Amino acid sequence: MNAPMSPRVARSVCPHDCPSTCALDVELLDARTIGRVRGAKDDPYTAGVICEKVARYAERLHHPDRLLHPRRRIGNKGEGRWQAISWDEAFEEIVARLTAIEAEFGAESIWPFFYAGTMGHVHRDGIHRLRHAKGYSLQYNTICTGSAWPGYIAGTGLLTGPNPEQMAESDCVVIWGTNPVHTQVNVMTHATRARKRRGARIVVIDIYRTATMEQADLGLVIRPGSDGALAVAVMHVLLRENLADLDYLEKYTDFSQQFVDHLAARTPQWAAKITGLSVAEIEAFARLVGTTPKTYFRLGYGFTRQRNGATNMHAALCVPAITGAWRHRGGGAFHSNSGTWGLDKSLITGARLARPGVRMLDMSEIGRILTGDAKALKGGPPVKALFIQNTNPVNVSPDQALVRRGFEREDLFTVVHEQFMTETARMADIVLPATMFLEHSDYYTRGGHNRVLYGPKLVAAPGEARSNFSVINELLGRLGVEDESLELSDREMVAETFRRSGYGELDEIEKQGFVDRALPEEKSRFADGFAWPDGKFRFAPDWAGVAAGKDYLWVCDPAGLPRFADYWDINEPTDAAHPFRLATSPSRSFLNSTFTETPGSRKRVGEPSCFIHPRDASVAGIAEGDPVTLGNRRGEVELTASIFDGIQPGVLIAEGIHPNKAHRNGNGINTLIGSDPIPPFGGAAFHDCAVWLRKS
């Protein structure tokens, strides 16, 4: 008998919304079928390790519920009754409806809506060509980075930091406000290397005892939103005990006597009351980082998803500046390298087609926008049409009751281009089948490292699925738009973007699979000064400078912001009626609403549940496995109780965004989350919510 042929292995890139952006080795069984997916061992950051959900990607790519053909709604919205139609019929109806809506209500009444279902720039950001060419409403992208990035830039002046591989050269790694075991496992690869090779200590700061904290030498469980209080108290101790690097502070920061006076009142005793930590825990952490020059602070997104999130990020970032950790290889702080790519994406986005004066709508306020809130609509016309790619707002957006009410409008024409029949797709008038990342070509920027990676098309798409890029091209052509981008394939668009960006030729780049965008080490550690004009780190943040550098929009009065790094007490207050603080943290096997359809992930995650402290459970008469209801003025959500002593009393944790229908009353967890913009520049406070709790 002939021996079975070994599958061919090809290089690709994980497309999902994770800073690791792992390099993948994919088994190709035939022109349409993949086998195992593994982390690339020759990639220095991936280092052969990927998350279990992507390792099982074959069950997603070949899922029997993939959308394969265009459909038109024939029943009520959300009813799930559809008629199969051709692509020509779909495009004809979309063009006719958009043209009629524009004629009656104006171009701004049409809102192309997208986000990070794929992180490939060609297939994610090409939707901007549609809005720019037609003058449709712009989108203000706040839901993920809106508070984190400004908080970091406020200190350093640039969104970068030392190469994350240098965690392995550290003597102490501080993982603050992120749970990488669930969300970016490669952080743990390099942190644990430091422990094995150098005896480094790992510190984890979070609002519950996460899977990451289980691996820590020191775990600090704080109350949600209290990170700023911990940070300034740590700085108080560092100054009090002469552990601050005064020479570094004088040369490289705006350190002043006024800041010293400000910190004088931020004692460990003061912070203990806010954070729930003991004075001894705060002082032990301060002494550890103060006596360990090569301390690497890995700052996450989670702790910024509060109303005071931007100031939390800035305050935490200030700690390594006080100690002078930036001086040392293996020291300093890192959040993202997204300020370093130097990409010219003008052809992808259709920048030359953009029209002046078009309104910009905040994506986190989609519920308010679709229900006619005049302020959210910026005084313009109602949104009468949505064209949606790469996101599932009926499940993931805050203020879910408003979002669902908006999508139920019979006068709202909605087109959804998707891979599965998501809860957003179920509310559409037209549903179009979309490709997955192995079925098209794109490039990906790695926010958690320093490479731009290329992922070529490796397998044929199933059924009639088409890529985001090709659908936008076809739609633009049928709408009468002329642009050079319409003549390109997705691969050609990658090649032209790389050429315009000075990266070189794609044929050569493809041979190694990436472009290395690492800054010189001195620049990434700001060894010659920070990125502000005077070269100094800012303990007194220049928020106006942050806004100007990134075109952020103010959502608050700048005069109300703290002058220095601080704890800003503006989070949603608990009260007698809403005594609990809820955070909606990520689960290990879902990624937002992605992977909720795969059997492996659903089995591992189980039913929607809520961590409750034993003391709170006892008072409420709640036992393990009991049905419970959480609620506030925005709505009610039903979950299952999980009694857990790894949180502070008064705190509730609901992991993962389950489909709304997975909850007994059909309301998903984001029903409870507000959509009021986070100061100073907007964002969604997913981990900042006051609720009541009762046994169902």
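The values are calculated or read from the model by the stated rules, or taken from the named source; none is laboratory data. All values reported here derive from a predicted model rather than from experimental measurement. Cβ: placed from backbone, ideal geometry, glycine included. Neighbour counts: every protein chain shown. For the accessible areas, the whole protein counts, side chains as well, though only heavy atoms, and no ligand, DNA or RNA atoms are used. Shrake-Rupley method; radii C 1.70, N 1.55, O 1.52, S 1.80 Å.
Ordering 640-648, 413-421, 512-520 by mean Cβ neighbour count within 10 Å, with the highest value first, yields 413-421, 640-648, 512-520. Rolling a 1.4 Å probe across the protein heavy atoms gives region 144-286 an accessible surface of 32 Å² per residue. The radius of gyration of the Cα set in region 528-685, together with its Dmax, comes out at 19.9, 59 angstrom. Per-atom-type breakdown for region 250-295 gives carbon and sulfur 54% of the accessible area (1.4 Å probe, protein chains only).
Please report the carbon-and-sulfur percent of the accessible area for region 499-654; probe 1.4 Å, protein heavy atoms only, DNA, RNA and ligands left out.
Working: 3570 of 7450 Å².
Ligands and nucleic acids excluded, carbon and sulfur reach 48 percent.
Cα centroid separation, region 345-388 to region 171-193: 37 Å. For the chain, the relative contact order works out to 19 percent when only alpha carbon pairs closer than 8 Å and six or more residues apart are counted. Derived scalar couplings between HN and Hα for region 220-226 equal 10, 9, 10, 6, x, x, 9 Hz in order, rounded to whole Hz, by the Karplus curve 6.51 cos²θ - 1.76 cosθ + 1.60 (θ = phi - 60°), x for Gly and Pro. Judged by the gyration tensor of its Cα atoms, with axes a ≥ b ≥ c, region 334-378 is oblate; a/c meets the 1.5 cut and b/c is at least as large as a/b. Answer with a single label: of [x] 39, 30, 26; [y] 49, 36, 19; [z] 63, 39, 25, which was calculated as semi-axes √(5λ) of the Cα gyration tensor in Å from the structure in view? Computed from the coordinates, semi-axes √(5λ) of the Cα gyration tensor in Å corresponds to [x]. Between the Cα long axis of helix 309-323 and the first principal axis of the chain there is an angle of about 40°, rounded to the nearest 10. The listed peptides 559-567, 619-627, 672-680, 193-201, ordered by packing as a protection proxy, come out as 672-680, 559-567, 193-201, 619-627 (highest mean of other Cβ atoms within 10 Å first). Carbon-plus-sulfur accessible fraction, region 387-490 (probe radius 1.4 Å, protein heavy atoms only): 43%.
Highest average first, the peptides 79-91, 337-349 ordered by how many other beta carbon atoms sit within 10 Å of their residues are 337-349, 79-91.
In a shell of Cβ-Cβ distance under 12 Å around F644, excluding F644 itself, what net charge do Lys and Arg (+1) and Asp and Glu (-1) give?
Once positives and negatives cancel, what remains is -2.
Rolling a 1.4 Å probe over the heavy atoms of the protein chains gives region 7-98 an accessible area of 44 Å² per residue. For helix 186-198, report the angle its Cα long axis makes with the longest principal axis of the Cα atoms of the chain; keep it between 0 and 90° and round to the nearest 10°. Between the helix axis and the principal axis of the chain, the angle is about 30 degrees. Based on Cα contacts under 8 Å between residues 6+ apart, region 125-242 shows a relative contact order of 17 percent.
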